[in-house]
1. If the reach is capped at under 17 angstrom between alpha carbons, list the lysines near B:Lys97, excluding any in the same chain fewer than eight residues apart.
2. Give the average, rounded to an integer, of partner chain Cβ atoms located within 10 angstrom of each Cβ in B:117-130.
3. Rank A:Phe88, A:Phe14, A:Phe28 by mean-square fluctuation in a GNM of chain A with C-alpha springs under 10 angstrom and give only the top-ranked residue.
4. Using the Cα atoms of the stretch A:1-112 to build a convex hull, what is its mean projected area in square nanometres?
5. Which one, A:Asn30, A:Leu97, A:Gly10, is farthest towards the positive end of the dipole of the stretch A:1-107 when Lys and Arg carry +1 and Asp and Glu -1 on their Cβ?
6. Can you tell me which of A:Ile84, A:Ile11, A:Ile19 moves the most in a GNM of chain A? Springs connect C-alpha atoms under 10 Å apart.
7. Quick check on my link table: of A:Lys125/B:Lys3; A:Lys36/B:Lys3; B:Lys59/B:Lys112; A:Lys41/B:Lys102, which ones sit more than 22 Å apart, alpha carbon to alpha carbon?
8. Work through the residues other than B:Leu79 whose Cβ is under 13 Å from its Cβ and net out their charges, Lys, Arg +1 and Asp, Glu -1.
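What follows is calculated from the coordinates using simple rules that are stated; it is not laboratory data. No experiment lies behind these values; they were computed from the predicted model shown. Neighbour counts are summed over all protein chains in view; Cβ atoms, including those assigned to glycine, are modelled from backbone coordinates with ideal geometry.
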Amino acid sequence: MLSTIADWAGILSFIMTIILFILSHSLFKNMSEQRKDYNEKRIEIQTDLISLRDNIWCDDLDSIEIRSKLRQSLYSYRNRYWFIAFPFRLYHIQRSLTYIKGPIQNKHKESLCNHIDYLIGNMDKREV
Amino acid sequence: MNKQSIQLIQTLITKTKDDALHWTKYDDSNVILKPLPGSPLNDSLKYTGKVSLSLLESKKLDRSNSYLCEYESGVIFLLLYSGFASSDIELRVQTKKSEYSKVYASFDIDVKDLSLIAQLKRLYNLVSSRKSIADIDEFVSNFIESE
């Protein structure tokens, strides 16, 4: 009886090992693809954020178009690279999104720019 | 060339914010965009501009979202080229007497100059927002004058 249970446990653990191996292989592949895509699009996203930050901060623009472009850029960044993004990046993205749900209040402008500055600075580094 | 391009963009941003420049949509104007210099092998044309890759790829000029402003004897264009997955912006200048127009900044040519591309995008966002505000101002002025 005990030996039968041990046999079944051994077979199940072998099957689990195969499944986990396949899953980790596909996760690794997904990570590599995201990394490659990130390195190709990094400059484009970074310049989008720099330009929109300057529009809000220096040009005093706070139209629905500017907020929409910024939201689009942040959502795109978060959804495309969530797997390789360090948690701090996701935190800064989320905080930025909360500030641009509607017209940006003056007291929140500096905080918003702080979060975007972090993301901009972070993108100076290529993912290896 | 990049230093001059950045200075040009900075000046355009400042003058646009001060309302010293009046931008109109390319669709709404009669100005004709002059072609770029033909052959990059011709030494006399070497510094007059480079052929933008946007013209060679399948990206199409989006006239309804491109802008121009006339200043003294010249015209400055902010052209938007739309492709399947992305868009490019190009800053081009021509004068009344010139045979060609010249590209001063473009995503394709200046792809590695972060600061230049960011400022070009900033200028485009500013101009496209400005246009919608100017429309409203004009509407209000006409409304007040009509009474």
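1. Result set, ordered by chain and number: B:Lys34.
2. Numbers: counts 7, 11, 4, 2, 10, 10, 4, 2, 12, 7, 0, 4, 8, 2.
Mean shielding count: 6.
3. Between A:Phe88, A:Phe14, A:Phe28, it is A:Phe14 that shows the largest mean-square fluctuation.
4. Numbers: hull surface 40.7 nm².
Projected over every direction and averaged, the Cα hull of the stretch A:1-112 covers 10.2 nm².
5. Sorting the options by dipole projection puts first A:Leu97.
6. Answer for the Gaussian network model of chain A: A:Ile11.
7. Numbers: A:Lys125/B:Lys3 25 Å; A:Lys36/B:Lys3 31 Å; B:Lys59/B:Lys112 20 Å; A:Lys41/B:Lys102 27 Å.
The answer is A:Lys125/B:Lys3; A:Lys36/B:Lys3; A:Lys41/B:Lys102.
8. On the way: positive: B:Lys25, B:Lys34, B:Lys59, B:Lys60, B:Arg63, B:Arg92, B:Lys102; negative: B:Asp27, B:Asp62, B:Asp88, B:Glu90, B:Asp108.
So the environment of B:Leu79 carries a net charge of +2.
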